[in-house]
1. Looking only at region 275-284, count every residue that is crowded, with 22+ Cβ neighbours inside 10 Å and more than 26 Å from Arg104 (Cα to Cα) and tell me the total.
2. Scan region 120-172 residue by residue and report those that are within 22 Å of Ile226 (Cβ to Cβ), open to solvent by 10 Å² or more (accessible area, probe 1.4 Å), of a type in the set (Ser, Thr, Tyr) and touching an Asp or Glu at 6+ places or on another chain (Cβ under 8 Å).
3. Could you check, for region 39-47, whether at least one of its residues is at negative phi, β-branched (Val, Ile, Thr), without any contact (Cβ under 8 Å) to a residue 24 or more places away in the chain and exposed (fewer than 15 other Cβ atoms within 10 Å of the Cβ)?
4. Select, from Ala55, Ala61, Ala37, the only residue that is closer than 26 Å to Ala116 by Cα, aliphatic (A, V, I, L, M) and touching an Asp or Glu at 6+ places or on another chain (Cβ under 7 Å).
5. Looking only at region 231-245, which residues are hydrophobic (A, V, I, L, M, F, W, C) and in contact with a Pro (Cβ under 9 Å, 6 or more places away or on another chain)?
6. Would you confirm, using the coordinates I've provided, whether Thr175 is open to solvent by 10 Å² or more (accessible area, probe 1.4 Å) and touching an Asp or Glu at 6+ places or on another chain (Cβ under 9 Å)?
7. Between a residue in region 173-186 that is over 14 Å from Leu108 (Cα atoms) and any residue that is part of a strand (DSSP E or B) and of a type in the set (Lys, Arg), which pairs come within a Cβ distance under 9 Å, given they are 6 or more apart or on different chains?
8. Restricting attention to region 212-230, which residues are open to solvent by less than 30 Å² (accessible area, probe 1.4 Å) and in contact with a Phe, Trp or Tyr (Cβ under 9 Å, 6 or more places away or on another chain)?
Amino acid sequence: MPSDHDAEVTAALVLQQQDGLNPTELLTLYRGFGSFAAVLDAEPGTLRPLLSGKAWRGFVAHRNAPRMLTDRSQEILGLCRSQGIELLPLGDQRYPPLLQEIDRPPPLLFLKGDPALLSMPQVAVVGSRNATAGGRENAYNFARALAASGFVVTSGLALGIDSAAHRGALVGGKTIAVTGCGVDVVYPRSHLDLYQRIVADGGVVVSEFLPATPPRPHNFPRRNRIISGLSMGVLVIEATLKSGSLITARCATEQGREVFAIPGSIHNAASKGCHQLLRQGATLVETAADIVEQLGGMLAYLDQCCGIAAADEESELLQAIGFDPVDVDSLVDRVGKDIAALNQELVELELAGKIEMRAGKVVRVG
């Protein structure tokens, strides 16, 4: 007998593949009935007022031949298991709480890596694919510093700024890659080594698209809302006026997230998007510390509203840190916690002014 999780995942897969049912209608049904399985079990008459004619005809077709989509969904579920792909349906207790709050959360997430990382405090770093050398250097250094401060760095695995941010974060922390294709599809192909390293080093690659989905252009705006939806704030480094990074920044604003931008030369077309964001109210930043300080208030909000709790054993952790600089790996051994949970607590202590990160080591200051 399938588990409740498998039944819900299968129901979500069936509904995602149903002819004529768009994502907005699917979310309406989910919110109305409380689960995807309940939607499939509902009396047809209760569904009709919520659906367009095309979606309704798809439901009728499924009721007349239910095995077709159900068998296909079971095949996808088996494929995911064989490839080590985890599935998180909306409403799952492991579904990232910040992402669940946005207007259009993905009904189903496909991921490789540890699902718990998706609920950790994150900062998105995005920007131009055709980045300058200086832009890539900024992305690498900012991401490295943010990761050293305990934040997970989230980006889109694209060329340019995205890949530099992922690589910087991997120096001493974790990173999440959100893709505009199936999670089993590496795009661009030249990032195969980076993709594999992200997963091997405890990060996550995540997508809302079915396995084997190619990287179609219209997938990327949808991908961008997930990048911002997972994150507490979005840092834009180099973006033209038509950059997809501005879509991510707009999504962040609509979702109530912070938007940060680095100014650049007035002669660089890749700076114009950042300058536009700054005129629209984005926060100008010069160092990663500017971002860490700005996000302190939102972290308190997450503690109250989203289940990302502050450390309950603050004094115990401070005692473990002691009064001499200590690297994070040694601290993991001292306190017996996994690095993701420990990093979360270290971020909170840093925002409270009780520790600082210096040269990759934790230093007690309060």
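The values are calculated or read from the model by the stated rules, or taken from the named source; none is laboratory data. Computed from a prediction, not measured in an experiment: that's the story for all the values here. Neighbour counts are summed over all protein chains in view; Cβ atoms, including those assigned to glycine, are modelled from backbone coordinates with ideal geometry. To get the accessible areas, we keep the full protein, side chains included, count just its heavy atoms, and leave off ligands, DNA and RNA. Shrake-Rupley method; radii C 1.70, N 1.55, O 1.52, S 1.80 Å.
1. 0
2. Ser128
3. Narrowing region 39-47 to residues at negative phi: 39-47.
Adding the requirement that they be β-branched (Val, Ile, Thr) leaves 39, 46.
Then keep just the ones that are without any contact (Cβ under 8 Å) to a residue 24 or more places away in the chain; that gives 46.
Now drop any that are not exposed (fewer than 15 other Cβ atoms within 10 Å of the Cβ), which leaves 46.
Scanning region 39-47, I find at least one residue that is at negative phi, β-branched (Val, Ile, Thr), without any contact (Cβ under 8 Å) to a residue 24 or more places away in the chain and exposed (fewer than 15 other Cβ atoms within 10 Å of the Cβ), so the answer is yes.
4. Details: Ala55 fails: closer than 26 Å to Ala116 by Cα; Ala61 fails: closer than 26 Å to Ala116 by Cα.
When all the criteria are applied, what remains is Ala37.
5. Of region 231-245, the ones hydrophobic (A, V, I, L, M, F, W, C) are 232, 234-237, 239, 241.
Across region 231-245, the qualifying residue is only Met232.
6. On the way: open to solvent by 10 Å² or more (accessible area, probe 1.4 Å): no; touching an Asp or Glu at 6+ places or on another chain (Cβ under 9 Å): yes.
Against the criterion (open to solvent by 10 Å² or more (accessible area, probe 1.4 Å) and touching an Asp or Glu at 6+ places or on another chain (Cβ under 9 Å)), Thr175 does not qualify.
7. Asp184/Lys112
8. Selection gives Asn219, Arg223.
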